[in-house]
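**Student:** Okay, handing you the structure first.
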Amino acid sequence: MPYSIHPFRCPFETAMLTEKLSLRQFDTHDLESVIEINRTCLPENYAGFFFIDTYRSCPAGFILAEVGGRIVGYIMCRVEHGFSDIRRLKFVRKGHIISVAVLPECRRNGVASELVKQALKALQEADAEECYLEVRSTNASAIKLYYKLGFSLARKVAHYYADGAEALVMAIPLRKEAAPSSDTVGSQTA
Ligand SMILES: CC(C)(COP(=O)(O)OP(=O)(O)OC[C@H]1O[C@@H](n2cnc3c(N)ncnc32)[C@H](O)[C@@H]1OP(=O)(O)O)[C@@H](O)C(=O)NCCC(=O)NCCS
């Protein structure tokens, strides 16, 4: 008897196909869920107060993704002032994507794409001229995601991470005409 050619899906994965993906702003009551996703997905872990301080500095830039009422991903940003990662020697107000993660069983459904697009919109509304982030140079899936959304490589930083790994700094302009479309944000059926 032949093996089934249909991929196995756990109940939650099946839910991903039928339930609506929605985005909403973080609330302090969500801290535990966000910390759990952060620890599950990333080696860069933060104390609770860091998440709360970051949220308070830019509430609209801390966004959660929910499917069927369950938090499945987050993005956390803040607004900073510093030299542009796009234009030489220009001092700018810029968004910084500090952390983004999606639970392993919910990946490749466009969740991170929607989180990043919504975060860029929030940062643009907070008058940031551009947005940047750091990503491990070995993190091929995240790098592909950022290129797909319009980020460019700004520079490489050796020994950026605690374990000595190199970071790529990637950046995107947030001028009105350059901002990515967000017409699907919050309305995608995953
Ligand atoms: C990186 C991460 C956030 C992507 O989340 P996601 O919800 O799966 O991303 P999306 O479904 O929106 O993917 C968008 C695109 O990114 C690229 N991509 C994402 N995951 C990929 C993978 N595993 N392999 C290759 N490309 C990938 C693809 O181009 C994809 O588009 P496609 O599915 O049409 O091919 C997720 O894998 C994750 O949480 N990883 C661990 C934490 C992490 O690395 N965070 C980033 C730190 S800088």
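The values are calculated or read from the model by the stated rules, or taken from the named source; none is laboratory data. The structure displayed is predicted, hence computed values, not measured ones. Backbone-built Cβ (ideal geometry, glycine too); neighbour counts: all protein chains shown.
**Student:** For segment 22-64, give me each residue that is within 26 Å of Glu130 (Cα to Cα) and of a type in the set (D, E, K, R).
**Tutor:** Matches in segment 22-64: Arg24, Asp27, Glu44, Asp53, Arg56.
**Student:** What number of residues in segment 122-133 are crowded, with 19+ Cβ neighbours inside 10 Å and closer than 22 Å to Phe26 by Cα? Steps first, please.
**Tutor:** As a first pass, look at segment 122-133 and keep what is crowded, with 19+ Cβ neighbours inside 10 Å: 122-124, 128, 130-133.
With the extra rule that they be closer than 22 Å to Phe26 by Cα, the set shrinks to 122-124, 128, 131-133.
The qualifying residues number 7.
**Student:** Tell me, yes or no, whether segment 102-112 has at least one residue that is in a helix (DSSP H, G or I) and under 17 Å from Leu149 (Cα atoms). If you could, list the steps in order and put the result at the bottom.
**Tutor:** Just the residues of segment 102-112 that are in a helix (DSSP H, G or I), to begin with: 104-106, 111-112.
Restricting the remaining residues to those that are under 17 Å from Leu149 (Cα atoms) gives 111-112.
Yes, that holds for at least one residue.
**Student:** Regarding Val34, is this residue within 15 Å of the ligand (Cβ to nearest atom), of a type in the set (A, V, I, L, M, F, W, C) and modelled with pLDDT of 95 or more? Working first, answer last.
**Tutor:** On the way: within 15 Å of the ligand (Cβ to nearest atom): yes; of a type in the set (A, V, I, L, M, F, W, C): yes; modelled with pLDDT of 95 or more: yes.
Yes.
**Student:** Let me ask something additional. Of all residues in segment 66-113, how many are under 19 Å from Ala140 (Cα atoms) and among the charged types (D, E, K, R)?
**Tutor:** The number of residues fulfilling the criteria is 3.
**Student:** A follow-up question, please. If a residue has to be more than 7 Å from the ligand (Cβ to nearest atom), of a type outside the set (A, V, I, L, M) and either assigned to a strand (DSSP E or B) or within 10 Å of Val116 (Cβ to Cβ) (or both) to count, how many in segment 141-150 make the cut?
**Tutor:** Within segment 141-150, the subset more than 7 Å from the ligand (Cβ to nearest atom) is 143, 146-147, 149-150.
Now restrict to residues that are of a type outside the set (A, V, I, L, M): 146-147, 150.
Cutting the leftovers down to either assigned to a strand (DSSP E or B) or within 10 Å of Val116 (Cβ to Cβ) (or both) gives us 146, 150.
Number satisfying all stated conditions: 2.
**Student:** Looking at (1) modelled with pLDDT of 95 or more; (2) within 23 Å of Lys148 (Cβ to Cβ); (3) within 19 Å of the chain's Cα centre (by Cα), which is the one condition that is false for Thr28?
**Tutor:** (2)
**Student:** Still on this structure, please answer the following. Which one is farthest from Phe91 (Cα to Cα) among residues in segment 151-164 that are surrounded by 15 or more Cβ atoms within 10 Å (Cβ to Cβ) and within 13 Å of the ligand (Cβ to nearest atom)? Quick ask: steps written out before the conclusion?
**Tutor:** Kept after step one, since they are surrounded by 15 or more Cβ atoms within 10 Å (Cβ to Cβ), are these residues of segment 151-164: 151, 153-154, 160.
From what is left, the residues that are within 13 Å of the ligand (Cβ to nearest atom) are 151, 160.
Working: Phe151: 19, Tyr160: 22 Å.
Looking at residues that are surrounded by 15 or more Cβ atoms within 10 Å (Cβ to Cβ) and within 13 Å of the ligand (Cβ to nearest atom), I get Tyr160.
**Student:** Here are Val100, Val116, Val185, Val111: which of them is in contact with a strand residue (DSSP E or B) (Cβ under 7 Å, 6 or more places away or on another chain), under 20 Å from Val72 (Cα atoms) and at pLDDT below 95? Walk me through how you get there before you give the answer.
**Tutor:** Working: Val100 fails: at pLDDT below 95; Val116 fails: at pLDDT below 95; Val111 fails: at pLDDT below 95.
Checking each option against the conditions leaves just Val185.
**Student:** Hey, among Phe50, Phe62, Phe83, Phe26, which residue is over 17 Å from Ala119 (Cβ atoms) and in contact with a strand residue (DSSP E or B) (Cβ under 7 Å, 6 or more places away or on another chain)? Reasoning before the result, please.
**Tutor:** Numbers: Phe50 fails: in contact with a strand residue (DSSP E or B) (Cβ under 7 Å, 6 or more places away or on another chain); Phe62 fails: over 17 Å from Ala119 (Cβ atoms); Phe26 fails: over 17 Å from Ala119 (Cβ atoms).
Answer to the check: Phe83.
**Student:** In segment 70-127, how many are more than 10 Å from the ligand (Cβ to nearest atom) and either over 14 Å from Cys41 (Cβ atoms) or touching a Pro at 6+ places or on another chain (Cβ under 8 Å) (or both)? Working first, answer last.
**Tutor:** The initial filter retains those residues of segment 70-127 that are more than 10 Å from the ligand (Cβ to nearest atom), namely 70-71, 76-96, 105, 118-127.
When the remaining residues are screened for being either over 14 Å from Cys41 (Cβ atoms) or touching a Pro at 6+ places or on another chain (Cβ under 8 Å) (or both), the result is 70, 77-96, 118-127.
Of the residues in that region, 31 qualify.
**Student:** Given (1) within 12 Å of the chain's Cα centre (by Cα); (2) more than 9 Å from the ligand (Cβ to nearest atom), identify the lone condition not met by Thr138.
**Tutor:** So Thr138 meets the others, but not (1).
**Student:** OK, next. Given the criteria surrounded by fewer than 18 Cβ atoms within 10 Å (Cβ to Cβ), aromatic (Phe, Trp, Tyr) and closer than 17 Å to Leu133 by Cα, does Phe83 qualify?
**Tutor:** Working: surrounded by fewer than 18 Cβ atoms within 10 Å (Cβ to Cβ): yes; aromatic (Phe, Trp, Tyr): yes; closer than 17 Å to Leu133 by Cα: yes.
So Phe83 fits the description; yes.
**Student:** Here's a follow-up. Given the criterion under 24 Å from Ala158 (Cβ atoms) and either touching a Ser or Thr at 6+ places or on another chain (Cβ under 7 Å) or hydrophobic (A, V, I, L, M, F, W, C) (or both), identify the matching residue among Leu103, Leu89.
**Tutor:** Details: Leu103 fails: under 24 Å from Ala158 (Cβ atoms).
Just one listed residue meets the conditions, Leu89.
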